[in-house]
Amino acid sequence: MRLWFSPLLLLTLLIGLSTAMPVLEPLFQWLQPDKQSVVYERESFLFLLQNHLTLVLVSAAVGTMLAVAGGIFATRPAGRDFLPLVNQVASIGQTFPPVAVLALAVPALGFGEAPIIVALILYGLLPILRNTLAGLEGISPAVTEAARGMGMSPLQVLVRAELPLAGRVILAGIRTSVTINIATAAIGSTIGARTLGDPVIAGLVNGNTAYVLQGAILIGLLALTTDSLFEALERAWERRFTPQFAN
Amino acid sequence: MIELKNVTRRFGKAVAVDHINLRIETGEVCVLVGSSGCGKSTTLRMINRLLPHTEGEILVDGEDITGMNPEQLRLNMGYVIQGTGLFPHWTVARNIAMVPELLKWPKERIDARVEELMTLLDLDPATHAGKYPQQLSGGQAQRVGVARALAADPNILLMDEPFGALDAITRDNLQMELLRIQKQVRKTTVFVTHDIDEALKLATRIAVMDQGRIVQHDTPENILRNPASEFVENLVGKQDRGLKLMSLRPVRQLMTAVSDAGRPDPGVESVGEDDSVRLALSVMVWQSASSVPVVNGKGEQTGVISRDRILQDGA
């Protein structure tokens with residue numbers, strides 16, 4: 001139970017702050033005495049948080065499926081020839097700045113949520129793919145050799161040995177990807193997606209530091225919550241599959 | 001029975017195994033011996049189809065393996081490798097239960113079998129069943145590897161340098177253990193090693209391989225007495241042959257029986273009937289004695305073996 005203590009605490013703080021931001025008005029008033037409105041009120045923070053999270057979760061789910069499937073494919077005998085190609089494609093996805101992906105995606109997909117989801121998927125692929133490859137390649141060849149030699153089918157070797165053994169490394173890749181994308185998703189506000197980036201953009205346009213701060217604090221807190229959630233997940237995975245190392 | 005007929009394996013242009021013919025009878029231990037790169041592991045891995053053969057035919061109990069489902073074929077062949085390949089995320093018991101689980105045995109039958117095998121391999125089920133492979137010593141891990149291979153009682157046992165990474169004492173113990181188990185279970189065994197002493201100790205017949213070919217296939221004694229080529233002669237150690245032959249013969253064969261001799265005096269060194277003649281000679285050399293008493297399993301003297309007899313007929 002102690003495993004889930006810190007993610008729960010951070011989650012409570014995140015939701016609490018999203019609902020009760022107006023309570024902090026005196027603080028922001030003191031920071032920004034020259035503005036009439038110091039708490040962002042165009043949308044509720046809770047709605048923005050929810051939307052932000054949905055964007056990240058949808059793109060992470062699609063990205064994880066693509067990257068894990070790609071990583072598995074590239075480490076099978078039939079796909080081994082594609083290993084360098086798969087690596088390159090993922091690296092290109094990473095070198096594209098998200099803003100450039102948006103600029104290219106908007107003409108094709110229009111304004112709103114769709115282009116940012118595409119950008120997030122592309123951007124999040126590499127860490128997951130790289131870790132999937134590292135996790136699968138890191139398994140002792142003797143283990144898979146013995147498993148096949150004892151009569152396991154390729155699918156059984158994958159499900160019973162490779163994925164449980166590589167799982168923790170793959171989870172770490174998803175963790176990096178999701179954490180990066182929580183920050184990147186905020187850019188979506190520039191093309192009409194409703195995210196926690198809205199108050200930041202509005203604050204920058206109006207010279208209102210309080211707005212910027214409110215958006216930034218919530219984005220940061222969301223990233224922290226997610227990160228500690230994954231930390232707990234990785235620990236739980238380790239306990240399940242490699243109990244002798246669990247601490 | 002396993003038969004290889006004209007089997008060839010090429011990797012690109014390189015020929016790893018070159019038109020070999022080999023017949024391994026049911027219940028015998030065939031040891032493939034040779035230096036690294038001679039094709040012995042390749043040969044072994046073709047038998048369970050981890051590698052496809054390029055040419056020729058491999059028959060198991062008369063049936064061509066090319067037509068069989070590879071998984072079905074392997075489920076009936078225990079496989080032991082040097083690195084053990086135990087699943088690090090499974091307990092010892094679950095590792096041993098791997099093949100019975102794949103064959104969907106009922107749980108009670110699996111549990112009983114795991115316990116039986118752990119006892120057979122001299123691993124205490126109570127202390128070791130719940131451990132993970134990383135918590136075992138090298139020798140214990142390989143015992144688990146052998147137990148896993150025997151779990152579903154396959155007809156055939158394939159062993160690829162299983163004791164190669166172990167220290168000399170542990171290796172010796174496991175070799176004796178394997179001989180003991182083999183006496184009970186009589187598996188058709190193909191055993192790959194580069195260690196000629198291991199081959200001489202374990203084999204019913206040895207196949208010496210060099211550059212992808214089998215240069216001699218014969219009993220250990222014949223390999224020592226009549227090496228087919230200079231290569232085999234060097235492999236068995238030309239001048240060391242006398243002692244090696246002696247280590248193949250049990251004391252029983254050269255002793256003079258003595259009836260009702262009771263137990264030898266305590267403090268007098270004795271040898272067992274099944275110990276090697278080489279050991280008996282060693283005891284005599286060490287003690288500067290001209291003979292040594294021979295005892296049976298119960299410690300009762302059954303005979304005596306003399307130095308002169310060994311020097312005359314030992315090899």
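Between rounded, prolate and oblate, where does the range B:63-112 land on the alpha carbon gyration tensor, with a ≥ b ≥ c its root eigenvalues, rounded for a/c under 1.5, else prolate if a/b exceeds b/c? Please report the intermediate quantities before stating the final value.
Working: a/c = 2.96, a/b = 1.40, b/c = 2.12.
It comes out oblate by the Cα gyration axes.
Bridgeable aspartates and glutamates around B:LYS104 (alpha carbons under 20 Å apart, same-chain partners fewer than 8 residues away excluded): B:GLU71, B:GLU115, B:GLU116, B:ASP153.
Using a 10 Å cut-off around each Cβ, can you sort B:MET77, B:MET176 from fewest to most neighbouring Cβ atoms? Write out the running numbers ahead of the final one.
Values: B:MET77 24, B:MET176 12.
Ascending Cβ contact count within 10 Å gives the list B:MET176, B:MET77.
Rg/Rh, computed from the Cα trace of chain B with Rh as the Kirkwood radius, has the value 1.02.
Mind jotting down a quarter of the surface of the convex hull over the alpha carbons of the range A:86-125, in square nanometres, one decimal?
Working: hull surface 10.2 nm².
Averaged projected hull area, Cα only: 2.6 nm².
According to the square roots a ≥ b ≥ c of the eigenvalues of the Cα gyration tensor, what is the shape class of the protein assembly as shown, taking rounded for a/c under 1.5, prolate for a/b larger than b/c otherwise, and oblate for the remainder? Prolate, since a/c reaches 1.5 and a/b exceeds b/c. Dipole size of the protein assembly as shown about its Cα centre, with +1 on Lys/Arg Cβ and -1 on Asp/Glu Cβ: approximately 480 debye, rounded to the nearest 20.
Rounded to the nearest 0.05, what FRET efficiency do A:LEU8 and A:ALA78 give with R0 = 45 Å and r taken as the Cβ-Cβ distance? Could you check? Numbers along the way, then the final one.
Details: r = 44 Å, r/R0 = 0.98.
The value I calculate is 0.55.
Counting only helical runs of four or more DSSP H residues, what would the 222 nm mean residue ellipticity of the protein assembly as shown come to if each run contributes -39,500 (n - 2.57) and the total is spread over all its residues? Intermediate results must be reported in sequence, preceding the final value.
Values: 25 runs with 299 residues, N = 562.
Helix contribution divided over all residues of the protein assembly as shown: -16500 deg cm²/dmol.
Between the range A:181-202 and the range B:172-193, how many Å separate their Cα centres? The range A:181-202 and the range B:172-193 have Cα centres spaced 69 Å from each other.
Using a simple charge model, +1 on the beta-carbon of Lys and Arg, -1 on the beta-carbon of Asp and Glu, nothing else, what dipole does the range B:214-277 show about its Cα centre, in debye to the nearest 20? Before the final figure, lay out each step's value.
Working: 7 positive and 11 negative charges, 36 e Å.
It works out to roughly 180 debye.
Could you give the angle, 0 to 90 degrees to the nearest 10, between helix B:107-120's Cα long axis and the longest principal axis of the Cα atoms of chain B? Once rounded, the angle reads 30 degrees. When the charge dipole of the range B:247-314 is built from unit charges on Cβ atoms (+1 for Lys and Arg, -1 for Asp and Glu) and taken about the Cα centre, the candidate among B:LEU248, B:GLY299, B:SER270 whose Cα reaches farthest toward its positive end is B:LEU248. Kindly express, to the nearest 10 degrees and within the range 0 to 90, the angle between helix A:45-74's C-alpha long axis and the longest C-alpha principal axis of chain A. Helix A:45-74 sits at roughly 20 degrees to that axis. Can you give me the distance in nm between label points at B:ASP111 and A:LYS35, each placed 7 Å from the Cα along the Cα-to-Cβ direction? For B:ASP111 paired with A:LYS35, the spin-label model returns 6.8 nm. Helix B:277-287 and the longest principal axis of the Cα set of chain B meet at an angle near 40°. Using a cut-off of 15 Å between beta-carbons, work out the net charge of the residues near A:PRO141 (Lys and Arg +1, Asp and Glu -1, A:PRO141 not included). That sum, taken over residues with Cβ under 15 Å, equals -1.
Where the alpha-carbon atoms of the range A:1-76 are placed on the principal axes, they occupy 63, 32, 19 Å, in descending order. Prolate is the label for the range B:247-314, because the ratio a/c of its alpha-carbon gyration tensor axes (a ≥ b ≥ c) is 1.5 or higher and a/b is greater than b/c. For B:LYS238, go through the aspartates and glutamates and keep the ones whose alpha-carbon is under 19 Å away, minus same-chain ones fewer than eight residues off. Straight-distance partners of B:LYS238: B:ASP195, B:ASP197, B:GLU198, B:ASP210, B:ASP218, B:GLU221, B:GLU230, B:ASP313.
No value in this document is a laboratory result; all are computed from the given coordinates. These figures come from a predicted structure and were not determined experimentally. With ideal geometry, Cβ positions are generated from the backbone for all residues, glycine too; neighbour counts draw on all protein chains shown.
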